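Participant: Encoded as structure tokens, here's the structure I'll be asking about.
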Amino acid sequence: MENKWDSEKYLKFEKERTQPAIDLIRRVEGRNVSSVLDVGCGPGNSSAVIKNIFPNADILGIDFSSDMIERARKDYTDIAFEQWDVDVFTEETSQKFDLIFSNACLQWLPDQFKTIKNLYKLLSDSGIMAIQIPCNFDEPIHHLINKVVTGKKWKTVIEHQRNYVMGTVEEYFNVISDLSEEFDIWTTTYHHVLPSHEAIWSWYEGTGLRPYLSQIDDSMKDEFKKDIMEEIRENYPLQKNNKVIFNFPRLFFIVEK
């Protein structure tokens, strides 16, 4: 079974997923930027944010997923999109960029620290790199998913665990401080208000649960969802308005050449 990205599922929460990109790009607004690389551009929502701030810049969005690239090309015809593995791209390209941007992508890569170093090499002489990485590994959603997929019922069905790498703040600090003396690093926790427990399932169905759902036969997926939903209800209590607070910490850093 293929572990494919689905742009429709991803965009169910377009507003929430795009807000970190908006917050990050505003930190570099006003700079002289004529060329941009958007790494892990997904369906183009982050590239559109960049275009809004730097309307005259040449923007190239790259993503590993053909579905994401197809959706991006359809929705944003004034931006260039290409399907690439970012690590292959950094090895093969001769281009230089004034801004290298990435919103919630690097955590999926096998050696993101190496990728960060290679991306830095693609900056122009006065370039800047702006990165956002989810750092919600200690949130209930990750613990409950791990509890289910490694439990007795599912561990024989799900053979491969999710490839998700999140370093510590200190690890990112040390990597980027080796690159430049001019950098900033911070975290922000977004308190998303979701309409129901079902919405948390929908959020992760399009991202963190993909590697597991791809290993489960269609006839068993309803049962898997039932088990996950039981844990979600237990770990995310309804508030007075019958909605759910879904906390999502994210790490940001900006590095200047």
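The values are calculated or read from the model by the stated rules, or taken from the named source; none is laboratory data. Since the model is a prediction, treat every value here as computed from it, not as a measurement. Because the Cβ atoms are built from the backbone with ideal geometry, glycine has one as well, and the counts that use them run over all protein chains shown.
Participant: Restricting attention to the range 179-190, does a residue exist that is part of a helix (DSSP H, G or I) and free of Cβ contacts under 8 Å to residues at least 60 places away in the same chain?
Facilitator: Checked against the condition, which is being part of a helix (DSSP H, G or I) and free of Cβ contacts under 8 Å to residues at least 60 places away in the same chain, the range 179-190 yields no hits at all.
Participant: Conditions first: (1) modelled with pLDDT of 95 or more; (2) in contact with a Cys (Cβ under 7 Å, 6 or more places away or on another chain). Leu122 passes all but one, so which condition is the exception?
Facilitator: (2)
Participant: A further question on this structure: With Ser94, Ser46 as the choices, which residue is crowded, with 24+ Cβ neighbours inside 10 Å and either among the small types (Gly, Ala, Ser) or in a strand (DSSP E or B) (or both)?
Facilitator: Going through Ser94, Ser46 in turn, just one is crowded, with 24+ Cβ neighbours inside 10 Å and either among the small types (Gly, Ala, Ser) or in a strand (DSSP E or B) (or both): Ser46.
Participant: Could I ask something else about it? Which of the residues that make up the range 202-257 are of a type in the set (S, T, N, Q) and either at pLDDT below 95 or out of contact with any helix residue (DSSP H, G or I) (no Cβ under 8 Å at 6 or more places or on another chain) (or both)?
Facilitator: Matches in the range 202-257: Ser202, Thr207, Ser214, Gln215, Ser219, Gln239, Asn241, Asn242, Asn247.
Participant: A further question follows. For residues that are surrounded by fewer than 16 Cβ atoms within 10 Å (Cβ to Cβ) and of a type outside the set (D, E, K, R), tally how many sit in the range 230-251.
Facilitator: Counting residues in the range 230-251 that are surrounded by fewer than 16 Cβ atoms within 10 Å (Cβ to Cβ) and of a type outside the set (D, E, K, R) gives 9.
Participant: Going through the range 209-257 one residue at a time, which ones are under 30 Å from Ile131 (Cα atoms), out of contact with any Leu (no Cβ under 8 Å at 6 or more places or on another chain), touching a residue at least 12 places away in the same chain (Cβ under 8 Å) and not in a strand (DSSP E or B)?
Facilitator: Leu209, Arg210, Pro211, Tyr212, Ser214, Tyr236
One line per residue, one yes/no per condition, for (1) loosely packed, with under 15 Cβ neighbours inside 10 Å; (2) within 17 Å of the chain's Cα centre (by Cα):
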| residue | (1), (2) |
| --- | --- |
| Gln132 | no, yes |
| Leu144 | no, no |
| Glu159 | yes, no |
| Pro195 | yes, no |
| Ile200 | no, yes |
| Trp203 | no, yes |
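Participant: May I ask you to list pairs of residues, at least six apart or on different chains, whose Cβ atoms are under 7 Å apart, with the first in the range 50-77 being buried (at least 23 other Cβ atoms within 10 Å of the Cβ) and the second being of a type in the set (Lys, Arg)?
Facilitator: Ile59/Lys51
Participant: Does Glu159 satisfy the condition of being touching a residue at least 60 places away in the same chain (Cβ under 8 Å) and closer than 26 Å to Glu230 by Cα?
Facilitator: No: the conditions fail for Glu159.
Participant: Please work out which one of (1) within 17 Å of Phe248 (Cα to Cα); (2) touching a Leu at 6+ places or on another chain (Cβ under 6 Å); (3) not aliphatic (A, V, I, L, M) is the condition Gln112 fails and give its number.
Facilitator: (1)
Participant: Checking the conditions here, which among Leu109, Leu99, Leu119 is within 19 Å of the chain's Cα centre (by Cα), closer than 17 Å to Arg27 by Cβ and buried (at least 18 other Cβ atoms within 10 Å of the Cβ)?
Facilitator: On inspection, the qualifying residue turns out to be Leu99.
Participant: Failed condition for Glu82, given (1) part of a strand (DSSP E or B); (2) out of contact with any Ser or Thr (no Cβ under 6 Å at 6 or more places or on another chain); (3) crowded, with 17+ Cβ neighbours inside 10 Å, with all others met?
Facilitator: Among (1) part of a strand (DSSP E or B); (2) out of contact with any Ser or Thr (no Cβ under 6 Å at 6 or more places or on another chain); (3) crowded, with 17+ Cβ neighbours inside 10 Å, Glu82 violates only (3).
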